[in-house]
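The values are calculated or read from the model by the stated rules, or taken from the named source; none is laboratory data. These numbers come from a predicted model, not from an experiment. Don't worry about glycine lacking a Cβ; one is built from the backbone with ideal geometry, like all the others, and counts go over all protein chains shown. Accessible surface areas use protein heavy atoms only, side chains included; no ligands, DNA or RNA. Shrake-Rupley method; radii C 1.70, N 1.55, O 1.52, S 1.80 Å.
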Amino acid sequence: MGKEESPRITRRTTRSSCSTPVANNVVETMKTSDESLTTNDLVFGEDPITLDDLLSSFPSRRAQILELVRLLGPSNSPMLPLFIYGGPSTGKTSIILQTFRHLNRSFVYSSCLTCYSPRILFESILNQLMLHRKNAMNGYSSVKRCEKPADFVNFLREALSNVINNLMGNSGKLNTKRLVGQAHGNTVYLIFDNLELVRAWDKSSTILPFLFNLYDVLKMPELGLIFVSNTSPDTYYSSMGYIEPVPVYFPDYTEDDLRQIFMRNQANRKVYSSFLDVVLRPFCRITRRVDELSTAFAPLFAKYCEPLSDLGVVPREELKRRLFSHLQPHIASSLNEVFKISSQPSPEAESNKEMKQKGSRRRFAGCEEIDELDFHMSTSAKYLLISAFLASRNPATLDASLFDSMGGFDNRKRKRKSSQKSLEQKETAEQELLMKGPGTFPLERLLAIFQCITSVAEGSIDEEEQENEGLGVQRGDGGLMSDVLLQLSSLCNANFIIKGGSCPLEGSTRYRSTVSEEMVLKVARSLKFPLSKYLYRR
């Protein structure tokens, strides 16, 4: 807003295009609609925050925040497109928006969840860049009607040029005294959130390559592109050539990370810490999404505090046991209410399911936690999927220490005391591995891990081989290898494992696992395989 008497509108309110005027406030709405927006409305809309405040707001995300700030660079510096990816509820969107609040730079945010067609997506971006707000005066219409990508490029180039010229003019006038809310720099950033949802409404499969090619088509150094997705960049590869975005990986929160998140802004940290000791681990076995856990923990904490007359008390062991006994009957019902998804399979499938996997259910305080998969997978395919996950997540240099000839971790090896320099190098390597996300691996390494982990579960493999022999299937070393390669091909076709480019030094095809840790845990539980024993943790 350019006038002092106009109300301050936050970022989200400015971006909204579906605000309906109330009948009693028609006159007020018509007054505010006459006030034109300015380029200052392209910033976050609240007072900027310091880097320390930004880092303290997101525990365990320091590495990702510093990497984002580094990649965005100083003001007016050109940048390559960024690809922010990770599981749902890992803080991607919140951290990006708060980073722009810290940098106080102009950006346009569009979510492919609410922009569910090319026309809505294109017009949402143009409305924000052209400082247009839908209201009763314009019939809630967009500033431009745009359905074709070619028209969008022309309109986008024109809108960006106008905004950049206005930003350059404002920076020239205010080089000695900067007003509050004035954007820093002349660069405009386009943020595309929930990018994986484009496939649901883009039946022609042309929008995703088009968005990735915007950087090459526009060729504007003052433009920054940021893509946010729940899936990895490998799932978006196509035959069309474009500059690959720089990936930034947001891993799932660990149990310690979630504890830090939920301990923030708690009035009585001692009481809430004892509450988390009770509920955090069983709930983390089902989900690690912060939004789902927050929904489940709120009523449970109120129930946990019912026996307390003073919420400021420091709980001792006897009081903790009494609070746990009071809360324990409600944990199972909360697990069922929040996380259990009901289904209606056929009676035949239900009876077979109960007979086949009767012993695969685990009980916690009367609650049955079902570790069954929603689809059929052979035993060898399950072990191959676990092997691919371990090869993608574990550094190749640790294979010798994680696996021995018996397929397990050698606890007999003496651990030498690490020097300070080696600890620093290890921490740096861990941070680099964390930022890169799941890595690629050759076929030889996959087969070596597969051989190691199957050697501790020969019973399951032997049972499957006996079933195959009953069907007339001949087995041998060559037959087993062909079966593994066939299972690998099936997993690649199902996009559980994807093929990467060939390594120029090795000359062999490399693979990458795309499955989440939650799914691999389900697979491991169905095999009673100790996945945590072989998974490298920070």
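Multiplying the sequence separation of E244 and T509 by 0.36 nm and subtracting their Cα-Cα distance, what value in nm do you get?
93.4 nm
For a 31 Å ceiling on Cα separation, which of these pairs sit above it: K203/K528; K148/K219; K320/K528; K270/K528?
Where the Cα-Cα span goes over 31 Å, the pairs concerned are K203/K528; K320/K528; K270/K528.
Can you work out the accessible area per residue across region 46-250, with the rest of the protein chains kept in place, probe 1.4 Å, in square angstrom?
44
Whole-Hz Karplus ³J(HN,Hα) for region 213-219, in order, using 6.51 cos²θ - 1.76 cosθ + 1.60 and θ = phi - 60°, x for Gly and Pro?
Karplus-based 3J(HN,Hα) across region 213-219 equals 8, 4, 4, 6, 6, 6, 6 Hz.
Among T379, T99, what's the order by accessible area (1.4 angstrom probe), most exposed first?
T379, T99
Would you mind checking which residues have amide H under 5 Å from I49's amide H? H placed 1.01 Å from N; only 5 or more apart, or other chain.
H102
Please name which of L131, Y189, T206 has its Cα lying farthest along the dipole of region 46-250 towards the positive end, using unit charges on Cβ (Lys, Arg +1; Asp, Glu -1) and the Cα centre as origin.
After comparing all options, I get L131.
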